[in-house]
Amino acid sequence: MNKIVLILTIVIALLSLAAGIAKVMQVPQEIEFLTGQGLSLNMIIIFGVVQILGGILLLVLKTKLIGAIVSLIAFAASAILVFISGNTIFGLVSMIPVAILIFIVYKSLGNKKAAN
């Protein structure tokens, strides 16, 4: 089970990093979508930095739980924006990282309790 959690953590961390980098680098599709949802360019860049930070924190054992929570919030916000845009199918797909992150948070909290 620990190997599954490790693989999922790495995949989600890389996804978080990629999503954040796309926002910070101002990829046209990201900017178009997010400005269409009412976010300013500064908000988009901050959102990207938060996603990058979450991805980095996920990869460090001591900060994995914090990284998972930060990434969870960022992916949930993204999924909500997708649902608001009316794209239900992609919104449901966007919930997959959210579900995985909930699992990672749950397992991380369980590991902290077992260590105490």
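The values are calculated or read from the model by the stated rules, or taken from the named source; none is laboratory data. Computed from a predicted model, the values in this text were never measured in an experiment. Positions of Cβ are generated from backbone atoms using ideal geometry, with glycine treated the same way; all protein chains shown enter the neighbour counts. Ligands, DNA and RNA are excluded from the accessible area calculation, which covers all protein heavy atoms including side chains. Shrake-Rupley method; radii C 1.70, N 1.55, O 1.52, S 1.80 Å.
Among all residues of the range 42-65, there is none that is open to solvent by 80 Å² or more (accessible area, probe 1.4 Å), at negative phi and among the small types (Gly, Ala, Ser).
Filter the range 77-88 down to residues that are free of Cβ contacts under 8 Å to residues at least 24 places away in the same chain and surrounded by fewer than 16 Cβ atoms within 10 Å (Cβ to Cβ), then give me how many there are.
5
The single condition from (1) open to solvent by 90 Å² or more (accessible area, probe 1.4 Å); (2) under 22 Å from Thr9 (Cα atoms); (3) not polar (S, T, N, Q) that Gly20 fails is (1).
Got a sec? Which of Val27, Val5, Val60, Val70 is closer than 18 Å to Met95 by Cα and either free of Cβ contacts under 8 Å to residues at least 24 places away in the same chain or in contact with a Cys (Cβ under 9 Å, 6 or more places away or on another chain) (or both)? Show your work before the answer.
On the way: Val27 fails: closer than 18 Å to Met95 by Cα; Val5 fails: either free of Cβ contacts under 8 Å to residues at least 24 places away in the same chain or in contact with a Cys (Cβ under 9 Å, 6 or more places away or on another chain) (or both); Val60 fails: closer than 18 Å to Met95 by Cα.
Answer to the check: Val70.
Each row is one residue, and each column tells you yes or no for (1) of a type in the set (Lys, Arg); (2) closer than 19 Å to Lys107 by Cα; (3) out of contact with any helix residue (DSSP H, G or I) (no Cβ under 7 Å at 6 or more places or on another chain).
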| residue | (1), (2), (3) |
| --- | --- |
| Ala22 | no, no, no |
| Leu34 | no, no, no |
| Asn42 | no, no, yes |
| Lys64 | yes, yes, no |
| Ile80 | no, no, yes |
| Ser94 | no, no, no |
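For the range 89-108, which residues satisfy the criterion of being open to solvent by 80 Å² or more (accessible area, probe 1.4 Å) and either closer than 22 Å to Ile4 by Cβ or at pLDDT 95 or above (or both)? Within the range 89-108, Ile89, Leu92, Ile96, Ile102, Tyr106 meet the criteria.
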